[in-house]
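Structure record follows, encoded as structure tokens.
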Amino acid sequence: MLVVAQLFNCFNSRSERVTAFRGLFANGWLWAAVGLSLLLQIAVVHLPILGGALGTSPLSAGDWALCLVMASFVLWVDELKKLIVRRAL
């Protein structure tokens, strides 16, 4: 979950005040990096050789869904903070 939360945080980090959803698809390199990072994380969790070396075990689809939902909180909390800052200005 911590790795996926940081992937969500990549989008927050583009601006301190502007929503992460503005120009969401403008940076193809960012999407490529996030996609590659997510694929590598899935490999670490699901490939037996990597799981054995790193002490991970496979997750179910429900576990992945819960992970995505919980990790996305970093995005929503920062969006709320940005909204409050924009309204205060």
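Within the stretch 11-45, report the chymotrypsin sites (Phe, Trp or Tyr not before Pro) that DSSP leaves as loop and that have at most 11 other Cβ atoms within 10 Å.
Working: sites: F11, F21, F25, W29, W31; in loops: F21, F25.
Hits after loop and neighbour filter: F21, F25.
Note on the chain: dipole from Cβ charges, positive end direction compared against L24, A61, H46; the farthest Cα belongs to L24. For the set I49, I42, I84, solvent exposure ranked by accessible area (probe 1.4 Å, protein chains only) runs largest to smallest as I49, I84, I42. Name the residues of the stretch 2-18 whose amide N is less than 19 Å from a point 7 angstrom out from the Cα of L89 along the C-beta direction? Zone members listed by number: 11-18. For the chain, with a Gaussian network of springs between Cα atoms less than 10 Å apart, report the residue from L66, L54, L75 with the top mean-square fluctuation. Among L66, L54, L75, the largest GNM mean-square fluctuation belongs to L54. The 3J(HN,Hα) values that the Karplus relation (6.51, -1.76, 1.60; θ = phi - 60°) gives for the stretch 55-67 are, in residue order, x, 9, 10, x, 10, 7, 4, x, 5, 5, 4, 4, 4 Hz. Gly and Pro appear as x. Counting only protein chain heavy atoms and rolling a 1.4 Å probe, the accessible areas of R87, R14 rank, largest first, as R87, R14.
Which of these values of P(r) over Cα pairs in 5 Å bins from 0, in percent was calculated from the structure shown: (i) 3, 11, 14, 12, 10, 8, 7, 7, 7, 7, 6, 5, 3, 1, 0; (ii) 3, 13, 19, 20, 17, 12, 8, 5, 2, 1, 0; (iii) 2, 12, 19, 18, 12, 11, 10, 8, 5, 2, 1, 0? Read-out from the structure maps to (ii).
Counting only Cβ charges, +1 for Lys and Arg and -1 for Asp and Glu, the dipole size of the chain around its Cα centre is about 480 debye.
The values are calculated or read from the model by the stated rules, or taken from the named source; none is laboratory data. From a predicted model like this one, the values you see are computed outputs, not experimental measurements. Please note: Cβ atoms are built from the backbone with ideal geometry, for glycine as well, and neighbour counts cover all protein chains shown. Only protein heavy atoms, including side chains, enter the accessible area calculation; ligands, DNA and RNA are left aside. Shrake-Rupley method; radii C 1.70, N 1.55, O 1.52, S 1.80 Å.
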